[in-house]
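K.L.:
Can you read through this structure? Questions will come right after.
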């Protein structure tokens, strides 16, 4: 089947995930096979998602998908935010709204996770602005 030329930027959008796939996911899985180590596939795929989303949305690759499996507070916060959104869709709204008002349980951790995510995004925006300033001054 012949591939039709694409002028809508589709290939540009697919390039970052391809890069994370080739330079991250494949290398981590090859390393695990070569050394005979077990890896938590769910954690590996979450790291792949996190790196890809950061690269697409922020233009920044945190490189959480590496053989060292670094811990990033922003990755942990993002994962917890996802779980809280699921929690909110499963339980009655009055239950989670009460937790939110009292700042207990899942909603307390959600508030802390959102603060971490906000700081991370602020740092990414500041880095991006600094790069743009440097680029404009050169």
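The numbers here are math on the coordinates, done by the rules we state, and not lab data. Just so it is clear, the model here is predicted, and its values are computed rather than measured. Cβ placement follows ideal geometry from the backbone for every residue including glycine, while neighbour counts extend to all protein chains displayed.
K.L.:
How tilted is helix 73-90 with respect to the longest principal axis of the chain? Cα atoms for both, answer in degrees (0 to 90, nearest 10).
P.N.:
With rounding to tens, the tilt is 60 degrees.
K.L.:
Quick one: Cα centre-to-centre distance for the range 69-115 and the range 25-48, in angstrom?
P.N.:
Spelled out, the Cα-based centre of one part sits 27 Å from the other.
K.L.:
What length, rounded to one decimal in nm, is gained on full extension from residue 83 through to residue 67, with 0.36 nm per residue of separation minus their alpha-carbon distance?
P.N.:
3.2 nm
K.L.:
With the chain treated as a Gaussian network of Cα nodes joined by springs under 10 Å, which of 107, 22, 42 yields the largest mean-square fluctuation?
P.N.:
Largest GNM mean-square fluctuation: 42.
K.L.:
Under 1.5 on a/c is rounded, so check that first for the range 71-138, then, if it is not, pick prolate when a/b is larger than b/c and oblate when it is not; a ≥ b ≥ c are the square roots of the alpha carbon gyration tensor eigenvalues.
P.N.:
prolate
K.L.:
Right, next: Treat each spin label as a single point 7 Å out from the Cα along the C-beta direction, and report the residue 21 to residue 135 distance in nm.
P.N.:
So the label points at residue 21 and residue 135 sit 2.6 nm apart.
K.L.:
Of 56, 45, 102, which is the most mobile in a GNM of the chain whose springs link Cα atoms less than 10 angstrom apart?
P.N.:
Result: 102 has the largest fluctuation of those listed.
K.L.:
Using the basic label-point model (7 angstrom from Cα toward the beta carbon), what is the residue 42 to residue 118 distance in nanometres?
P.N.:
About 3.0 nm, to one decimal.
K.L.:
Using just the Cα positions, wrap the range 10-70 in a convex hull and report its mean projected area in square nanometres, one decimal place.
P.N.:
4.0 nm²
K.L.:
Determine by what factor the alpha-carbon radius of gyration of the range 70-110 differs from 2.2 N^0.38 Å, reporting the quotient. Don't skip to the answer; put the middle values down first.
P.N.:
Details: Rg = 11.2 Å, N = 41, 2.2 N^0.38 = 9.0 Å.
In units of the 2.2 N^0.38 Å rule of thumb, it is 1.24.
K.L.:
Which of these, 71, 106, 20, has the largest mean-square fluctuation under a Gaussian network model of the chain (Cα springs below 10 Å)?
P.N.:
71
K.L.:
Please compute P(r) over all alpha-carbon pairs of the chain, binned at 5 Å starting from zero, and give each bin as a whole-number percent.
P.N.:
With 5 Å bins starting at 0, P(r) equals 2, 9, 14, 15, 15, 14, 13, 10, 6, 3, 1, 0.
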